[in-house]
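Trainee: Dropping the structure in here first, questions after.
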């Protein structure tokens with residue numbers, strides 16, 4: 001009994017994570033075996049249904065497209081990210097910090113917004129044709145190779161950050177020994193440095209693959225101009241077509257989760273087979289050296305690259321939002337602010353969607369912080385014997401696509417027996433809050449765990465010996481020491497929850513419009529000017545809110 005009392009927090013967060021994450025994921029898998037179990041039918045499913053993906057054209061095409069997009073983006077995204085990280089770690093040049101900023105901007109910008117920018121740039125009457133007369137861009141982008149190119153430019157930050165972190169430290173004695181033995185610079189890098197970077201490369205590649213194959217925003221955005229069904233988009237279509245195809249959604253979700261699980265297993269296997277612990281007392285922090293005569297070249301190439309990865313998607317949204325008609329060209333007579341004025345008209349859904357999304361994101365950030373704080377505490381200070389399972393539960397939503405999680409939430413929270421308990425959440429905004437919390441917990445937990453690792457556990461133990469309760473130890477000792485990380489985690493969860501298109505598209509209640517759904521609906525209706533104006537306006541509003549909250553709380557922290 002003493003052990004149960006001591007581990008009460010561990011059991012509590014375990015139960016919460018099971019309800020938020022593992023139960024919906026298990027429900028999707030169960031749906032394949034027992035197709036009607038969540039609707040009162042206990043008949044065993046037909047295993048042959050899993051093999052129908054190789055016979056039904058849409059199912060098969062969705063799998064093929066996802067594999068093509070995932071493998072292609074992983075290959076090129078990892079190479080691009082690793083190359084940029086190597087250049088950034090080796091040389092200093094004037095615009096290097098802009099590259100770092102763009103990487104984080106790409107990470108926090110929803111994929112459907114980036115994809116919309118590329119559609120506006122490359123479509124038949126897009127920016128490429130209007131400004132430059134590049135008619136070839138349409139056929140180049142709206143093609144499987146073009147989509148891989150587009151996804152590579154948005155997913156490479158995972159590989160970049162992973163490799164850049166691995167290059168933070170160097171052990172020169174290894175390369176010096178190789179050079180003394182007559183090895184060339186290329187041989188030294190290929191036989192020593194490259195193998196030592198293998199864990200970081202594998203980690204970055206796994207993240208690129210998982211984020212690409214589970215991406216819903218890109219296919220949802222290009223569907224208006226180019227048909228390229230993928231597993232996430234076909235899962236969404238199965239739920240929002242008549243009749244509803246739960247069998248199709250279950251089978252496609254099974255293969256999507258299986259592919260992501262396979263990627264994680266391959267990464268763990270490769271890391272387990274090799275040792276890469278090379279840091280020792282002679283290790284020193286890497287400091288980029290001057291590029292010398294190559295400085296102008298690196299600066300120019302970096303600016304061109306940033307213009308491509310940031311300027312094209314973001315700039316296209318801004319330009320289109322200011323044009324009366326897309327086909328009218330970029331001329332002074334075709335410039336207007338009418339699209340921005342229409343955002344505030346009585347028929348506009350933007351303000352309503354923005355208000356709903358802000359409320360959901362705010363609730364998710366607050367509740368997610370409470371749960372994430374408990375999870376991080378257990379992982380850092382507790383002796384709970386199942387905390388390894390808690391760690392897995394807390395990060396699994398990073399790998400599980402939002403559409404799969406959304407399908408699971410439908411199965412779990414759309415049960416008649418929940419109605420007398422007041423827990424029939426499907427069709428209410430609260431199910432969006434729960435899904436947003438599940439998506440925010442990995443980010444919050446990682447930030448909290450890193451901050452708590454710097455706080456010695458003996459401080460809390462000493463307070464406990466003095467008779468302080470758990471809440472007093474949290475309030476007077478731990479929270480003041482990690483206030484900065486707490487604020488960063490809350491704001492990160494808040495920003496990420498607002499633009500979650502996948503979960504919102506699956507779970508939004510009738511007549512309850514959210515911001516990403518409103519923007520994507522305008523885009524699907526080919527109302528590009530309104531959609532672009534809504535994207536620009538809402539992004540500015542969210543950024544200003546985050547900056548205002550951070551400035552207010554930082555000032556309060558400094559004055560206290």
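The values are calculated or read from the model by the stated rules, or taken from the named source; none is laboratory data. Keep in mind that what you see is a predicted model, and the values were worked out from it rather than measured. Every residue, glycine among them, receives a Cβ derived from its backbone with ideal geometry; neighbour counts consider all protein chains shown.
The rows are residues; the columns are (1) more than 28 Å from residue 264 (Cβ to Cβ); (2) at pLDDT 85 or above; (3) touching a helix residue (DSSP H, G or I) at 6+ places or on another chain (Cβ under 9 Å).
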| residue | (1), (2), (3) |
| --- | --- |
| 357 | yes, yes, yes |
| 415 | yes, no, yes |
| 423 | yes, no, yes |
| 431 | no, yes, yes |
| 435 | no, yes, yes |
| 454 | yes, no, yes |
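Trainee: Test residue 119 against the criterion of being more than 30 Å from residue 488 (Cβ to Cβ), touching a helix residue (DSSP H, G or I) at 6+ places or on another chain (Cβ under 9 Å) and part of a helix (DSSP H, G or I), and give yes or no. Step through it out loud before you land on a result.
Mentor: Values: more than 30 Å from residue 488 (Cβ to Cβ): yes; touching a helix residue (DSSP H, G or I) at 6+ places or on another chain (Cβ under 9 Å): yes; part of a helix (DSSP H, G or I): yes.
It is true that residue 119 is more than 30 Å from residue 488 (Cβ to Cβ), touching a helix residue (DSSP H, G or I) at 6+ places or on another chain (Cβ under 9 Å) and part of a helix (DSSP H, G or I).
Trainee: Return only the number of the condition from (1) part of a helix (DSSP H, G or I); (2) farther than 30 Å from residue 104 by Cβ that residue 308 does not satisfy.
Mentor: (2)
Trainee: Then there's this: Of the residues 489, 534, 522, 518, only one is crowded, with 20+ Cβ neighbours inside 10 Å, part of a helix (DSSP H, G or I) and modelled with pLDDT under 85; which? Break it down stepwise before answering.
Mentor: Working: 534 fails: modelled with pLDDT under 85; 522 fails: modelled with pLDDT under 85; 518 fails: modelled with pLDDT under 85.
Only one candidate passes the filter, namely 489.
Trainee: Sticking with this one: Determine whether the stretch 135-143 contains at least one residue that is crowded, with 20+ Cβ neighbours inside 10 Å, under 25 Å from residue 65 (Cα atoms) and touching a residue at least 24 places away in the same chain (Cβ under 8 Å).
Mentor: Within the stretch 135-143 (the criterion being crowded, with 20+ Cβ neighbours inside 10 Å, under 25 Å from residue 65 (Cα atoms) and touching a residue at least 24 places away in the same chain (Cβ under 8 Å)), the answer is yes, since at least one residue qualifies.
Trainee: Moving on. Check residue 109 against each of (1) modelled with pLDDT under 85; (2) over 19 Å from the mean Cα position of the chain (by Cα); (3) buried (at least 16 other Cβ atoms within 10 Å of the Cβ); (4) over 30 Å from residue 287 (Cβ atoms) and name the one condition it does not meet.
Mentor: (2)
Trainee: Something else about it: Would you be able to say whether some residue in the stretch 364-378 is modelled with pLDDT under 90, surrounded by 12 or more Cβ atoms within 10 Å (Cβ to Cβ) and not in a helix (DSSP H, G or I)?
Mentor: No, the conditions are met nowhere in the stretch 364-378.
Trainee: Name, by its number, the condition in (1) in contact with a helix residue (DSSP H, G or I) (Cβ under 8 Å, 6 or more places away or on another chain); (2) modelled with pLDDT of 80 or more; (3) assigned to a helix (DSSP H, G or I) that does not hold for residue 384.
Mentor: (3)
Conditions tested, residue by residue: (1) more than 23 Å from the chain's Cα centre (by Cα); (2) surrounded by fewer than 17 Cβ atoms within 10 Å (Cβ to Cβ); (3) modelled with pLDDT under 85; (4) assigned to a loop (DSSP other than H, G, I, E, B).
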{"site": "226", "(1), (2), (3), (4)": "yes, no, no, yes"}
{"site": "243", "(1), (2), (3), (4)": "yes, yes, yes, yes"}
{"site": "248", "(1), (2), (3), (4)": "yes, no, yes, no"}
{"site": "264", "(1), (2), (3), (4)": "no, yes, yes, no"}
{"site": "268", "(1), (2), (3), (4)": "no, yes, yes, no"}
{"site": "276", "(1), (2), (3), (4)": "yes, yes, yes, yes"}
